[in-house]
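Just so it is clear, none of the values below were taken in a lab; they were calculated from the coordinates. If you're wondering where the values come from, they're calculated on a predicted model, not measured in any experiment. Cβ atoms come from the backbone with ideal geometry, glycine included; neighbour counts cover every protein chain shown.
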Amino acid sequence: MLREKQSVEISVDKEFARPKIIVQQFIVVAAAIALSLFLLFLGFYLNRVSDPYIQQVLSLKGDRIKGHAIFEINCSGCHNRQSTPNVGPNLQNLATRKSKVKIIDQVISGKTPPMPKFHPKPQEMADLLSYLEEF
Ligand code: HEC
């Protein structure tokens, strides 16, 4: 009689324990996925930031006037200050939306067609950057 009661208690305990284990496993798997995604993005970011070209551009002092000239020749066909529809978006207040690294990446990567992939020399890119930052 006593034994029976015990076994009933034990089996009730297990019933409660199972969903708990599933929840714990789920949390572990979710945490592992979140961590690997984080590391992946961190890897991409560090890879971009440590890119020697980007490092060189960031170390140079840009000339706004030259940057303006480079912009007029290469970019103004698609980008302008007006809100009239154009091929590319209005770049006003760009610096508040995008970091320097992101802006450089946008210009040299060619990842958003129809915007072409540009190959400015580091000094030219630094000039362009200083112009775009106060666009
Ligand atoms: C052939 C047209 C074209 C030319 C030329 C061009 N772009 Fe673009 N640009 C685009 C388009 C289209 C986008 C939007 C891409 C997207 O997000 O899908 C864009 C996006 C951008 C962005 C991101 C804007 C944002 O709000 O996030 C920046 C910065 C930019 N261009 C800078 C430049 C610079 C600097 C030049 C010159 C060196 C240039 N572009 C030349 C078409 C062009």
Relative contact order of the chain, defined on C-alpha pairs under 8 angstrom at six or more residues apart (%): 30
Going by how many other beta carbons lie within 10 Å of each one, how would you line up 45, 53, fewest first? 45, 53
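What's the longest piece of the chain with no exposed trypsin sites (Lys or Arg not before Pro), counting a site as exposed if DSSP puts it in a loop and it has at most 11 other beta carbons within 10 Å? Display every interim value, and only then the final one.
Details: sites that count: 61, 81, 111, 117.
For trypsin sites (Lys or Arg not before Pro) (loop position, at most 11 other Cβ atoms within 10 Å), the longest site-free span of the chain is 1-60.
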Per-residue HN-Hα couplings for the range 34-39, Karplus 6.51 cos²θ - 1.76 cosθ + 1.60 at θ = phi - 60°, whole Hz, x for Gly and Pro? 4, 5, 5, 5, 4, 5
For the range 85-98, take each phi angle, set θ = phi - 60°, evaluate the Karplus expression 6.51 cos²θ - 1.76 cosθ + 1.60, and give the result in whole Hz per residue in order, putting x for glycine and proline. x, 9, 4, x, x, 5, 9, 4, 6, 4, 4, 7, 9, 10
Explain nothing, just the number: dipole magnitude of the range 52-133 about its Cα centre with +1 on each Lys and Arg Cβ and -1 on each Asp and Glu Cβ, in debye rounded to the nearest 20. 200
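Quick check for the range 35-114: number of Lys pairs with alpha-carbon distance under 17 Å, counting only pairs 8 or more apart or on different chains? Could you put the intermediate results ahead of the total?
Values: 61/100; 98/111; 100/111; 102/111.
Final tally of qualifying lysine pairs is 4.
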